[in-house]
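First up is the structure itself, then whatever we jot down about it.
Bear in mind that the values in this text are calculations on the coordinates, not laboratory data. In this text the structure is predicted, and so the values were computed from the model without any measurement. Every residue, glycine as well, gets a Cβ built from its backbone with ideal geometry; the counts of neighbours run over all protein chains shown.
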Amino acid sequence: MGKLNFKYDVVIIGGGPVGIYTSIKLAKEGLRVLVIEEDAQIGKPRFCTGLISRESFERFSLPKEAIEKEFNCASVFSPLGSKASLKSKSIQAYVTDRTKFDFSLYNMAKEAGVEFFLSCHCRGLKVYSDRVEAAVSYDQGDTTVRSEAAVLSTGIKYNLHRSLGFSVPGNFLDCSQVQLAGESGSEIEIFLGNSIAPHSFGWVVPLEKKRLRVGISTRKNSPVFLRSFLKHLKLKDSITLGRYFTDIMRRPIPLEPIKQTYADRMLVVGDAAGQVKPTTGGGIYFGLLCADLAAQTLAKAFKKGDFSGKFLSHYETNWKKQIEFDLTMSIYLRKLIARFNDEQIEELVKFISQDNVQQLMEKYADFNHHGRFIKELIKMPLFWKHLYHMVNVK
Ligand SMILES: Cc1cc2nc3c(=O)[nH]c(=O)nc-3n(C[C@H](O)[C@H](O)[C@H](O)COP(=O)(O)OP(=O)(O)OC[C@H]3O[C@@H](n4cnc5c(N)ncnc54)[C@H](O)[C@@H]3O)c2cc1C
């Protein structure tokens, strides 16, 4: 690479799916784009269950070679024994191999003309009136990359945020996951309960060739909760568990967006912006949706020659129009359920399994946008009757 100064239209810091997708969209607008990624290989290491809705594949024309299996149903288990099905025509998702998924996006980006600096860490960004400068370290030294604009898609690494005046998400889940040999039912299984996953849930996702992805999200100590969740699952007749194929992998998930996602010559997208579904912690759909909008705003900025924060604020207005309602409703629901004790969770699961709630789900539930279903749910007098009962269960 040498001690050269490089010049691009847009520099993207972070080669996760959201950064790479942004780069593809920008390259297709005819812009010269560089992605700087500190890992040596795209897609490795990846800490993700890989559930991505069918809608995402259609909407964003995603590569399909990473798909491992399709699901249209999930079961939710209360710690006290009740079970409810989450089934809907629109709840259709694929479980993917995230390493392959990211790598396929990388190939698409290279075909579109995007350049990559791998094994390169961005140490800092400086925004001037006429350019952005990224200070980059790589195995043979340091260099500077200049561009008209930059995109922060650093995932859950927020080191650059503060120096650029961006806030960081105020709320996180602590997640751990392992892939192991084993068999369960044909559906995704979600386990609730304060001794299993306080404030959140555990999951079992069956894969082909007798493999499972098992994970836990909690407020803290997720590896400890994952080990005890695995012991809990071993006692179940419906699940068999064998040897581990991976170590237990741990990573936080942001649950709330950062305060502002634009500045002069800068946009923030994906986990770096906290654009994650607060109900499940899934970040790929919202991240790609926002990446699309970020690329559209930047393409317009190039046409107008206006990289001011004021102009780039259109990005935030646009993503908020599309997902703010879902975020608000989901944060509300998560906060409500996080307070429930096991008896209240049992009531909740019984409530979900009722016919009229199942019909509501069939009509309004959407794998990606949860706001509409939550809104319809809280319009039901039955919900308030149950909620009253739930909060009064001791
Ligand atoms: C256990 C677990 C399970 C999950 N399951 C799902 C799921 O089933 N479905 C779903 O939709 N989401 C899931 N998620 C969330 C999903 O993994 C993230 O939302 C998604 O990876 C975000 O993509 P991103 O591109 O924003 O960030 P990332 O994928 O984190 O990519 C950011 C990249 O930036 C690089 N980087 C950071 N700082 C620098 C720097 N200074 N210089 C250079 N490079 C840098 C990093 O190395 C990284 O490669 C899960 C998360 C966890 C923890």
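Here are some notes:
- Antiparallel bridges, percent of DSSP beta bridges restricted to the chain (to nearest 5): 70
- Rounded to 10°, Cα long-axis angle of helix 222-234 versus longest principal axis of the chain: 40
- Whole-number D in µm² s⁻¹ for the chain, Kirkwood Cα-pair radius fed into Stokes-Einstein, 25 °C, 0.890 mPa s: 112
- Whole-Å distance, taken between Cα centres, linking the range 43-113 and the range 328-371: 22
- Counted charge near Ser163, where neighbours are those whose Cβ lies closer than 14 Å (Asp, Glu -1; Lys, Arg +1): +3
- Rel. contact order, % - alpha carbon contacts under 8 angstrom, at least six apart, the chain: 19
- The range 87-246 - percent relative contact order, Cα under 8 Å, separation 6 or more: 17
- Charge dipole of the range 261-394 about the Cα centre (unit charges at C-beta), most positive-ward option of Thr280, Val349, Ala299: Ala299
- Couplings 3J(HN,Hα) for the range 121-126, derived from phi with the Karplus relation 6.51 cos²θ - 1.76 cosθ + 1.60 (θ = phi - 60°), are 9, 7, 7, x, 10, 10 Hz, where x marks Gly and Pro.
- Here the chain is assigned +1 on the Cβ of each Lys and Arg and -1 on the Cβ of each Asp and Glu. Its dipole about the Cα centre then comes out at about 440 debye.
- Listed residues Leu267, Gly113, Tyr94: farthest to the positive end of the dipole of the chain (Cβ charges): Leu267
- Placing unit charges on each Cβ (+1 for Lys and Arg, -1 for Asp and Glu) gives the chain a dipole about its Cα centre, and among His161, Val151, Tyr244 the Cα reaching farthest toward its positive end belongs to His161.
- Partner lysines for Lys303 [C-alpha distance under 19 Å; skip if fewer than 8 residues away on the same chain]: Lys7, Lys25, Lys28
- Computed magnitude of the charge dipole of the range 63-201 (debye, nearest 20; Cβ of K, R +1, Cβ of D, E -1): 360
- Computed label-point distance, nm, for sites Ser137 and Lys87 using a 7 Å Cα→Cβ extension: 5.5
- When the C-alpha to C-alpha distance is required to be over 23 Å, the pairs from Lys310/Lys375; Lys209/Lys236; Lys44/Lys87; Lys69/Lys210 that qualify are Lys310/Lys375; Lys44/Lys87.
- Placing a label point 7 Å from the Cα of Glu343 along the Cα-to-Cβ direction, the residues of the range 179-222 with a backbone N closer than 15 Å are 194.
- Helix 342-352 vs. the chain, principal-axis angle (Cα, 0 to 90°, nearest 10): 90
- Each peptide in 218-227, 21-30 receives the mean, over its residues, of other Cβ atoms within 10 Å, and ordering these scores from highest gives 21-30, 218-227.
- Using Cβ point charges alone (K and R +1, D and E -1), the dipole size of the range 255-329 about the Cα centre works out to roughly 300 debye.
- Euclidean distance between Cα centres, the range 260-304 to the range 8-40, Å: 13
- Set of aspartates and glutamates with alpha-carbon distance to Lys321 below 13 Å, sequence-local pairs under 8 removed: none
- Aspartates and glutamates whose Cα lies under 19 Å from that of Lys300, excluding same-chain neighbours fewer than 8 positions away: Asp9, Glu29, Asp130, Glu148, Asp264, Asp292, Glu316
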